[in-house]
Every structure is written in C-alpha cells, then in structure tokens.
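Notes follow once the structure below has been shown.
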Protein chains: 2
Amino acid sequence: MFDIFEGDFKVQEETNISQAVVSRLPRYFRYLGDLKDEGVERISSHELSVRMNVTASQIRQDFNHFGGFGQQGYGYNVTYLYDEIAKILGLDKKHNLIIVGAGNLGQALANYMNFEKRGFIIKALFDRNTELHGKVLRGGIKIYPMEELENFIRENDIDIAVLTLPKAGALECSSKLVDNGIKAIWNFAHTDLDVPGDVAVENVHLSDSLMKLSYNEKKRFDKE
Amino acid sequence: MFDIFEGDFKVQEETNISQAVVSRLPRYFRYLGDLKDEGVERISSHELSVRMNVTASQIRQDFNHFGGFGQQGYGYNVTYLYDEIAKILGLDKKHNLIIVGAGNLGQALANYMNFEKRGFIIKALFDRNTELHGKVLRGGIKIYPMEELENFIRENDIDIAVLTLPKAGALECSSKLVDNGIKAIWNFAHTDLDVPGDVAVENVHLSDSLMKLSYNEKKRFDKE
C-alpha cells in the first residue's frame, strides 16, 4: 500500500526502486511532454534541472535506476526519454477503470477527459443511489447499481478501481473489489484501506492536503 | 512551495519542522477524530501505533516537535491531543476559500460538504464560461465572471484560492491571485506554479497520482 502524501508511514516494501523515485517519474514525464510539444529534441540534465527546479545530480541519480537513458556529453533525446518513462509507468498499455461512488467527485473524475489521453479508460460508475442508475455521462459512460459491480469487473477486464465513496462504505467495498481480482485501487475515501500486499493503493486524501496547506499558510503568517 | 507528491523536489526551506512531519499531522488528526467518535479517552503511543501501522517511536518523535503532548506512562488524552493538532494545523479558525475554474472538478469540490466541517468555507467560484455565471450551487455558493475575482478577494477576506483551471490559464491566474494578496493556493492544475516564497502551495496532481498507481500495479504484475 502506498500513500501519495506519506509513503514513509508504511513499512517500506522490498523493491529495487524507492517510492520517492517513483513519485518523481510522473513529473519528469510531464516536463518531457512539454518539451516535446515545444519541439525540443535534446536536453542536458543541467537544462532540465533548471527548468524543473531540482539538481542535475538528482535527475541523473533517478534516471540511473532505469539504466541512465542518456549519453554523456550529448544530453537526453527528449522523445526517447518520454517514451521510456511512459513504458516504465505502464502507460504503453490501456487500463480499464471503474469508479465506485458516483457522487460529485466520482462524476467529475468520469467527465475529466485527460485520463483517457494517457490510456486510462473509464468503463463505468457504480452507486447505491437508485436515482443515478442508467444516467449516462460523456462518452456514453453509464452509472450502474452496486449489485452489478462483480459481474462487470469479471466481464470487462477491469484493472483499476477508483473509490469515491464515503468513508463508511469504502472498507467493505475495497474487500469486495479485491475478492474480484482488482489489483490497483485509487482511493479518494477519507480512510486508509486494509488490503493484501499484492494490491497497489494510491490514496488521494483531499482533506489531508488542505490541512497541510492550512498549516503552511499559518506558519508563514506566524513568522510575520 | 510544497508539493504533496514530493516535497524533496524543492529546495527545503529553513523551517523547524520538516514537511514530512507536517504531512503526517492530518493523518494523526484523522485517527484521533475516529478515536474521539468511539469514546476513547486515553491512548498510548503503542496502541496508536498499532492502529495507524507506524512505529510508536515515529509517533513520539513527531509529537516531540510540538512539545510532546503526553505524560509518560499515562498515554495521550485523545481530546486534548486532537484539539492541539487542530490548532497546529490552523483548524481553530475559519478559512475563506474561492475556487477558480468552475468545471467538473471545481463544482465537485464546491459541493463537497466535508471541508466546511473543518472550517474551510467556500465563498464563491469563478469561471470564464458565461453560461455558468449566476449558477448557484449548494448552500447558495455562486459562480461569478473572472472579471469580479479581484474585487471579491479584497471584499471577502479570502485567504485560500483553489485552482481547478486547465494548465494554460493556471500560471496567469496564480500571478493575479498573488498580486491580490492570496497567501495559499491549493493547485489542481496540471502544472507547477511559480509563486513567491511567502505563498504556500499544495499541489494535487491527479494524473501524477494515477501514473504512480499504474507503475505500482505493473511492477507487481511483472513480479508474478
């Protein structure tokens, strides 16, 4: 189980590459995408470091975990590096997602088109609320009753479940998802899940993030 | 500027308390809230550590940054500790928020009631889209034209701005917010902001989080 806010809360698993490095990969990928869009073909670790506001040594160390990517003195080939990081992140294949909990946040995520560009295809939403059943969102994505969840997972090759449920339902639901073979949970519920070690979890605890912002704002104010 | 995904990307500021410790405070606060709800009056660092799946030594170290809170041998008084952490996080006072960008995510956040319970009061949304102007969300929160942003900030004692804009508009908008005295930005735009050092920023880069999940899922699959 991994937490985007604090991986170091959890006992670190035996992995070759630390979660701190993994956390930085999407940011590299984002900056390389921008460079590609700007038509930049090569970039040195120094130039990239200035742009990203990190040290060149950090960049080289991070990339060395994956074989380095670059030729000394020539800089990195932007498109190659972009494609390699995409592969490392598993973005070279499509992922089928379901969203469990079709409230404001669940529907907002379903309507957000950018995930699809990266190969994350939202297949369906599920909710207990009968008034929502049958409602169709953009691109024909439908909201189904919770009772259809298990069949849908089995029949649609779903690999990622997004949990946008209230805290109370999240634990029970995550067990059901795991029992039906889900190996990755993107958890927006305001609670920590308790799942087997072979299930990947990323928590997005929005309230925690807002409280951290409040702390940092307050601290600056206290200083004045 | 602080990033919920990787504070260590940024040059660490001179602070007494590291962002790693700060990141853990909301989680303590969440668990203590649950304990309070369950009627638990006292808890030892050992009991809390089992519940939170961290070491008791980590808990004691974290709390020592704030004076310790506990009496040796007696455990922590749950309500006292909850209230103290609330104060540290700045939750003992109300925060007035605006949301800039009233698309799916902006409206979903505005409709999410739980922030208000913690004292984060959403006062208004702003958007360029004229079709949205005047629309009223739950609790009478209204969507205004972007042209009214600056006046609204000045007249309504706003301290936190939530950015739920596309990447392209986010940089320009953050400058405008800072020029008008905003000291805290909760940034959901898919880009890093460039703001003065006295402005607190918390990034919620949802795509980055999803990519990290994809990596961790893939890595487990590769092992099989």
Kirkwood Rh in Å, taken over all unlike Cα pairs in chain B: 19.7
Direction-averaged shadow area of the convex hull around the Cα atoms of the protein assembly as shown, nm²? 22.4
Among the lysines, which have Cα under 20 Å from the Cα of B:Lys93 when same-chain residues fewer than 8 positions away are ignored? A:Lys212, A:Lys218, A:Lys219, A:Lys223, B:Lys117, B:Lys123, B:Lys183
Going residue by residue through segment B:202-208, the Karplus relation 6.51 cos²θ - 1.76 cosθ + 1.60 with θ = phi - 60° gives ³J(HN,Hα) values, rounded to whole Hz and with x marking Gly or Pro, of 10, 9, 10, 8, 4, 5, 4
How far is B:Pro196 from itself in the other copies, in nm, if each label sits 7 Å out from Cα along the Cα-Cβ line, shortest first? 5.5
Distances from A:Lys87 to the same position in the other copies: list them in nm, one decimal, shortest first, using label points 7 Å from Cα along Cα→Cβ. 5.6
Peptide B:192-205: average number of partner chain Cβ atoms within 10 Å per residue? 4
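So how do B:22-31, B:130-139, B:209-218, B:50-59 stack up, highest first, on mean other-Cβ count within 10 Å?
Answer by packing, highest mean first, reads B:209-218, B:22-31, B:50-59, B:130-139.
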For B:Gly134, place a label point 7 Å out from Cα along the Cα→Cβ vector, do the same in each other copy, and report the separations in nm, one decimal, smallest first. 3.3
Of all the residues in chain B, which one has the C-beta that comes nearest the axis relating B to A, and what is the distance in Å? B:Ala108, 2
Need one number: buried accessible surface between chains A and B, 1.4 Å probe, both sides summed, DNA, RNA and ligands left out, in Å² to 100. 7200
Note the angle between two axes, namely the Cα long axis of helix A:19-37 and the longest principal axis of the Cα atoms of chain A, as a number of degrees from 0 to 90, rounded to the nearest 10. 70
With the radius of gyration and the Kirkwood radius both derived from the Cα set of segment B:38-87, what is their ratio Rg to Rh? 0.93
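Given an 8 Å cut-off on Cα distances and at least 6 residues of separation, report the relative contact order of chain A as a percent.
The normalised contact order for chain A reaches 18 percent.
The values are calculated or read from the model by the stated rules, or taken from the named source; none is laboratory data. All values reported here derive from a predicted model rather than from experimental measurement. Glycine gets a Cβ as well: all are built from the backbone with ideal geometry, and neighbour counts include every protein chain shown. Surface accessibility is based on the protein's heavy atoms, side chains included, excluding ligands, DNA and RNA. Shrake-Rupley method; radii C 1.70, N 1.55, O 1.52, S 1.80 Å.
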